[in-house]
Amino acid sequence: MTSRIGVIRFPGSLDDRDAARAIRLSGAEPVSLWHGDPSLRDVDAVILPGGFSYGDYLRCGAISRFSPVMESVVTAAESGLPVLGICNGFQILCESHLLPGALTRNGSLHFVCRDQALRIESNRTSWTLDYSAGDEITIPVKNGEGCFVADEATLDELEAAGRVVLRYLGTNPNASRRDIAGIANARGNVVGLMPHPEHAVDALTGSGTDGAGFFTSILKALVDA
Amino acid sequence: MARVVVDVMLKPEILDPQGQAVHDALHRLGFDDVTAVRQGKRFEIDLAGPDTEGQRDRAEEMAATLLANLVIEEYSVRVEG
Amino acid sequence: MSLLNESGLGLDTVVRAAATPDVPQPYAELGLTADEYQRIRTILDRRPTSCELAMYSVMWSEHCSYKSSKVHLRKFGELVPAEARDVLLVGMGENAGVVDVGQGYAVTFKIESHNHPSFVEPYQGAATGVGGIVRDILTMGARPIAILDPLRFGPADAPDTRRVLPAVVAGIGGYGNCLGLPTIGGELVFDPTYLGNPLVNALCVGVMRHEDIKLAHASGPGNLVVLFGAKTGGDGIGGVSVLASETFATAGDGPARPSKRPSVQVGDPFTEKLLIECCLEIFAENLVVGIQDLGGAGLSCATSELASAGGCGMRIELDAVPLRDQTLSPEEILMSESQERMCAVVEPAKIARFDEICAKWGVTTTVIGSVTEGDRLLVSWRGERVVDVPPRTVAHEGPVYERSFLRPAAQDVLAGDDPGPRRLRRPTGPEELKATLLRMVGSPNLAGKGWVTDQYDRYVQGGTVLAQPQDAGMVRIDERTGLGVAVATDGNGRFCRLDPYVGVQLALAEAYRNVATTGARPLAVTNCLNFGSPEDPAVMWQFAETTRGLADGCMALGVPVTGGNVSFYNQTGDVAILPTPVIGVLGVIDDVRRRTPAGFGGPGETIVLLGATSDEFGGSEWAHVVHGHLGGSPPSVDLAYERRLANVLASAARDGLVSGAHDLSEGGLAQGLVEMALLGRIGANIEIPSGLDPFVALFSESSGRVLVSAPADGAAALVARAEAAGLPVTRLGVVGGQSIAFAELFELSVDELREVSEGVLPSLFG
């Protein structure tokens, strides 16, 4: 029985097709979910892809979070549905308060697209269990508003609880606090990250294949669930 | 018809690279008495109906729900005459 | 109230115009000559209304009518290489050319300029330039899949370059990234000639199935004319005719300042993204008869072109146009250049579904008129007729000038100023050669472009196989078969100044070679011709020679010109820019997995140089960087040889003979080796062939040369094929180590070279 993973499409989503491709390559079935339709179509997990939903107007993800589909995502996530937010998806998860903190303008004020060195900090999430903590991987980052911020208490709590999932190595491309590239909720079913694993599943068109683990992880998590 | 103005600013502890860039540019233009710059957003919202106290409350709700991200921003509301 | 309605009579209708023939009209202020104005009166058999005057003035401007260039551009349509006839599905004259790439796919591509707006408002000028070319591709029925941006600025350390460059780059990135289009190539050139006249050219590529090609023809009386996309505001009113027909006045010693500040269009990439998705769904359901995007001259252009191309009439109600600004007059609505708008012709039976798709994407759509019998374009405003013209006279029968052109006497002086050793001191000995190489690597034109290209998304759409700094950008268009396209852009203003005919052929050869170097087969050409004022006979001579050279060159290479763009009036006062034709070449590769990237392969691989090197420094980067010199002749070009070279490169890629291949251009062999080392992250041991002067070997810019890195058996096979094809071949050395070592001369570590190369742009632009 093939796992079905939803990929939400907002007006302005860009990397939904690449997320769908990555899902297909891992052996699951991608299901397209429209922002205006509250139905999650019985999917086993949901991905909020990268892009410029609503043109990044007001704030990145600020308008998307009020979409009908997001109400369903929030409810389902609180009941344990695995959710992955990539880049703009991460921004939407923070705006929805499924994850703490916020993403702000890159410290350099420039959009940066780069193959980024990262370290997996936690493999205790539905999306990273196929990695080992400490794994060093390379995945593209491409964003202008990727600087993760939160107050000190929140940052301390994320670190202490092992909820930092991914950390920048070498150069921090956007001035994110504590070099944080991705985080999880307390339960580990909701993960948000700025880098794009869907652009690292095929060496021919991506930065390599280091991102495939995110997609194989969820399949394993669903089988074991 | 009333107009409500909502000003949204980053909280003081949040990194404001745009404000910093503006500060640096002002200095390069000779305005070296500028010690700090913070950049924010201003929303001008026109509301139908007669001006009532309720409109300030509604503007506050708009600000808290959508216009400002309370994790990193704070806001102030002003009803214009 | 607009300046056009000075008659003070209220709305200037057709009836009123017929009744008041002697009202003076501000045709000169709108850019029309007295003769052109008279011709309009003759066409209409009365004076034009102010709306008609507005339409003719923008549509007959240089930018829209190509009045100074048409007689020369005709060559491209007349000289179509025989090989191209099967491949060319849509030629010149449409929004963009379309070529067959096999497997039922058609690819459309075109390059355009947005130069003057980028000087005035760099971010928006560049952004709307991208928006405009993307819409041209979309309107052909294609999904846009990639962009390239050839950019040219004044000296890298000039204050105005610091004003313009970062904003242009941010604008291209801001618009292109938000649209979800990977930027896969381009150029970055610095030269004093472009100070005050930056060149911002943008190329877009799109793909579709053969049966999906759309044309900008209206047809079928009774069919509806629909305007959809953004609402119409006062953007760029008169921008087209004013910007393309005026230069910028200098004020004293300061940098060039615009003599008037025209209203610049402001772009909204989010709306264009919605437009793209909306259009693609509309196309998939075959809901349009014809479609045109609104670019320069806005609604005036879209309506007159659709009607004229379709050979029919059209009726438009201007009141129906959704407005952002309710104070716009009918003239302003007709001339508005608000971005992100399209105009489609839709059968009544299909409009409901059309509207449904627009509603799904939140795209505003309005029926503004219909196609009619006959051959008049009728426009009404609040029930009164304000336009009644034959559309072909507006769109396709504009003025045609035969501007005088004359080879200037100074051209011979320039050609005679040969950069030989007696004129320009050359480095002697290993230390000086080493210092020269470092100086070249660290010069702005040759330096690493990462500061710019890292601001562009190269990954979106998941099909990019090669992107800058590779020789060409390459995108996969069929995931199953691996079919892909490669695109490169090249131009060299210095070579063209020395000899426009040869210079443009060198640019064409380079773009052609760049595509071939990646393993693709060159198929078609687009061109962006950036020149000074057509009223200057010396500039027109450059233009005439360039178009002649390009037409001849395309015939020799067997690739057709499918379309392009002319940008005149790039000058400050009466000093024109170096003539800068930018040539884009598109090629196809059967399987992108067989592509050849540009870096060195593994240690032990053989380095081979294909092509001959001789003492050719006219217009070279060395002469420019070290001596600030421009003179002599550009390098020679041999197009028959380039075809043989391209065939060998394609066959080598197909048979997997080589690991890396890199075309040589500015900076010569030294720069080529450095670039291969930086990409491959490995050094090399090089032996300059005996009998060749080291300085000439390292820095000459002889054309037609490619460096190849291959394992031993691949190298042997390549050499055999090259020799069989009559290509000069030189074994240069071996890949390995962490330095580029020139035997018995000097060596430089790859790390040091990287530091020098990659440090230049960040130190200048932060």
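Data overview
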{"item": "Conditions (1) among the acidic types (Asp, Glu); (2) in contact (Cβ under 8 Å) with a residue 40 or more places away in the chain; (3) within 25 Å of B:ILE72 (Cα to Cα); number of the one not met by A:ASP44", "result": "(3)"}
{"item": "Residue match in the stretch C:137-145 (condition: within 13 Å of the chain's Cα centre (by Cα) and either at pLDDT below 95 or not in a helix (DSSP H, G or I) (or both))", "result": "no"}
{"item": "Cβ pairs under 7 Å, 6+ apart, first in the stretch C:463-477 and within 11 Å of chain A (Cβ to nearest Cβ) and of a type in the set (Lys, Arg), second in a strand (DSSP E or B) and surrounded by fewer than 24 Cβ atoms within 10 Å (Cβ to Cβ)", "result": "C:ARG476/C:VAL465"}
{"item": "Residue within the stretch B:22-32 that is surrounded by 16 or more Cβ atoms within 10 Å (Cβ to Cβ) and in contact with a strand residue (DSSP E or B) (Cβ under 7 Å, 6 or more places away or on another chain) present", "result": "no"}
{"item": "Within the stretch C:447-462, tally of residues that are facing chain A (nearest Cβ under 7 Å) and either over 13 Å from A:LEU14 (Cα atoms) or acidic (Asp, Glu) (or both)", "result": "4"}
{"item": "Hits in the stretch A:5-16 (condition: facing another protein chain (nearest Cβ under 7 Å) and over 9 Å from A:PRO49 (Cα atoms))", "result": "A:PRO11, A:GLY12"}
{"item": "Some residue of the stretch C:421-433 being more than 30 Å from C:GLU752 (Cβ to Cβ) and either modelled with pLDDT under 95 or away from chain A (no Cβ under 14 Å) (or both)", "result": "yes"}
{"item": "Residue satisfying all of: in the stretch C:92-110; more than 16 Å from C:VAL80 (Cα to Cα), small (Gly, Ala, Ser) and part of a strand (DSSP E or B); nearest to the chain's Cα centre (by Cα) among these", "result": "C:ALA106"}
{"item": "Conditions (1) within 24 Å of C:ALA284 (Cβ to Cβ); (2) among the aliphatic types (A, V, I, L, M); (3) in contact (Cβ under 8 Å) with a residue 60 or more places away in the chain; number of the one not met by C:ILE147", "result": "(3)"}
{"item": "Residues of the stretch C:325-382 that turn out to be closer than 16 Å to C:VAL289 by Cα and part of a helix (DSSP H, G or I), as a count", "result": "8"}
{"item": "Positions within the stretch A:68-120 being touching a residue at least 40 places away in the same chain (Cβ under 8 Å), of a type in the set (A, V, I, L, M) and away from chain B (no Cβ under 14 Å), in sequence order", "result": "A:VAL69, A:VAL73, A:ALA77, A:LEU81, A:VAL83, A:LEU84, A:ILE86, A:ALA117, A:LEU118, A:ILE120"}
{"item": "Boolean, C:THR271 is at pLDDT below 90 and either touching a strand residue (DSSP E or B) at 6+ places or on another chain (Cβ under 7 Å) or buried (at least 22 other Cβ atoms within 10 Å of the Cβ) (or both)", "result": "no"}
{"item": "Residue within the stretch C:370-383 that is over 23 Å from C:ALA309 (Cα atoms), touching a residue at least 12 places away in the same chain (Cβ under 8 Å) and of a type outside the set (Lys, Arg) present", "result": "yes"}
{"item": "Search result, residues across the stretch C:349-363 that are surrounded by 16 or more Cβ atoms within 10 Å (Cβ to Cβ) and in contact (Cβ under 8 Å) with a residue 40 or more places away in the chain", "result": "C:LYS350, C:ILE351, C:PHE354, C:ILE357, C:CYS358, C:TRP361, C:VAL363"}
{"item": "Any chance B:LEU10 is surrounded by 15 or more Cβ atoms within 10 Å (Cβ to Cβ) and at pLDDT below 85", "result": "no"}
{"item": "Given (1) surrounded by 20 or more Cβ atoms within 10 Å (Cβ to Cβ); (2) within 14 Å of chain C (Cβ to nearest Cβ), index of the condition A:GLY55 fails", "result": "(1)"}
{"item": "Members of the stretch B:1-45 that are within 14 Å of chain A (Cβ to nearest Cβ), touching a residue at least 40 places away in the same chain (Cβ under 8 Å) and touching a Gly at 6+ places or on another chain (Cβ under 9 Å)", "result": "B:VAL8, B:MET9, B:LEU10"}
{"item": "Members of the stretch C:706-759 found to be more than 24 Å from C:VAL696 (Cα to Cα) and among the charged types (D, E, K, R), listed by number", "result": "C:ASP713, C:ARG721, C:ASP751, C:GLU755, C:GLU758"}
{"item": "B:LEU70 within 24 Å of A:SER96 (Cβ to Cβ), out of contact with any Lys or Arg (no Cβ under 7 Å at 6 or more places or on another chain), at pLDDT below 95 and within 13 Å of chain A (Cβ to nearest Cβ)", "result": "yes"}
{"item": "Residue satisfying all of: in the stretch B:24-55; over 27 Å from B:ILE14 (Cα atoms) and aliphatic (A, V, I, L, M); modelled with the highest pLDDT among these", "result": "B:LEU47"}
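Table: residues versus (1) at positive phi; (2) assigned to a loop (DSSP other than H, G, I, E, B).
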residue	(1), (2)
A:LEU58	yes, yes
A:GLY61	yes, yes
A:VAL74	no, no
A:PRO100	no, yes
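Conditions (1) loosely packed, with under 14 Cβ neighbours inside 10 Å; (2) more than 28 Å from the chain's Cα centre (by Cα), marked per residue:
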residue: C:GLU373; (1), (2): yes, yes
residue: C:TRP381; (1), (2): no, yes
residue: C:ASP388; (1), (2): no, yes
residue: C:GLU397; (1), (2): no, no
residue: C:VAL400; (1), (2): yes, no
residue: C:PHE405; (1), (2): no, no
residue: C:ALA409; (1), (2): yes, yes
residue: C:ASP412; (1), (2): yes, yes
residue: C:ASP417; (1), (2): no, yes
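The values are calculated or read from the model by the stated rules, or taken from the named source; none is laboratory data. Only a predicted model underlies this, so the values are computations on that prediction, with no experimental measurement involved. For neighbour counting, all protein chains shown are included, and Cβ atoms are generated from backbone atoms with ideal geometry for every residue, glycine included.
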